[in-house]
Amino acid sequence: MRVLAVIGALALIVAIALAGFFFGGYYSVAATAEEPEFISSLLVRTRMASVAHHATDKPPANFNDPANVQAGARNFKQLGCFNCHGAPGVEWAKFSEGMKPDPPDLKDIVGGRTPEQLFWVVKNGINMTGMPSFAKAGASDENLWKVVAFLKKLPTVSEADFKSWTEPASAPTP
Ligand code: HEC
């Protein structure tokens, strides 16, 4: 009985100390604050597992069509993804350097993600990071699948490709 009482008292003291630490304002929410390595790897594992578990929607039949990939490049530009993630020949917005977690260079990670996983992330966003839900921002599933088709091809998209796919063809000279 005494042992249980001591454990209970200790648990109470720890709870009060934690509440004091967090609600007293001592924890720093600064984007410049470093967290212990085990916390960041825990968060990454949680994200990977969560996305893998939830990503069940299947790509449409025309997923790999070149027209789809090119339309995806235009959507990628219009939706503003390049501000945080860059694009072939397009600079990242300076503010992306101040984000934590920092937005990844997508061409380096898309090989290790399925289309289903990429779609889920772009549609739903990632809570407590700067990654927005583009469904909530008004984009349709159809347009987001096009973005994903473009993402899967990203490692092989040249600067010239991206430019020609996203810039309106110059008006023919009269
Ligand atoms: C305001 C900045 C911002 C914008 C705009 C943004 N993202 Fe992100 N994105 C992030 C951040 C930050 C992360 C990293 C989240 C993390 O580490 O958990 C991320 C993560 C991702 C990931 C997951 C990467 C992985 O490792 O699995 C994908 C895919 C992605 N973004 C695609 C996009 C696409 C496509 C768009 C445009 C439709 C977009 N993002 C727009 C900030 C942004």
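Quick note: the coordinates plus some simple rules give every number you see, no bench work behind them. Quantities reported herein were computed from a predicted structural model and do not represent experimental measurements. As a convention, Cβ positions derive from the backbone with ideal geometry for all residues, glycine included, and neighbour counts pool all protein chains shown.
A few notes on this one:
- The range 128-142 - phi-based ³J(HN,Hα) in whole Hz, Karplus 6.51/-1.76/1.60, Gly and Pro as x: 6, 10, x, 7, x, 8, 7, 5, 5, 7, x, 7, 7, 4, 4
- Spin-label proximity, Ala52 to the range 114-151 - amide N less than 12 Å from point 7 Å beyond Cα toward beta carbon: 114
- Rounded to 0.05, the FRET efficiency of the Glu35 and Lys163 pair, given R0 = 41 Å and the Cβ-Cβ distance, is 0.55.
- GNM flexibility winner over the chain from Phe23, Phe134, Phe76 (Cα, springs under 10 Å): Phe23
- The length gained on full extension between Met1 and Ala67, counted as 0.36 nm times the residue separation minus their Cα-Cα distance, comes to 16.5 nm.
- Counted charge near Ser96, where neighbours are those whose Cβ lies closer than 12 Å (Asp, Glu -1; Lys, Arg +1): -2
- Pairwise label distance in nanometres, Leu18 with Ser140, each label 7 Å out on the Cα-Cβ vector: 4.7 nm
- A DSSP coil position with no more than 15 other Cβ atoms inside 10 Å describes the following GluC sites (Glu not before Pro) in the range 17-125: Glu34, Glu91.
- Rel. contact order, % - alpha carbon contacts under 8 angstrom, at least six apart, the chain: 26 percent
- Converting phi to 3J(HN,Hα) with the Karplus coefficients 6.51, -1.76 and 1.60 and the offset θ = phi - 60°, the range 36-46 yields x, 3, 5, 5, 5, 6, 5, 5, 5, 4, 5 Hz in sequence order, with x at every glycine or proline.
- Mean residue ellipticity (222 nm) of the chain, computed from DSSP H runs ≥ 4 via -39,500 (n - 2.57), nearest 500: -16500 deg cm²/dmol
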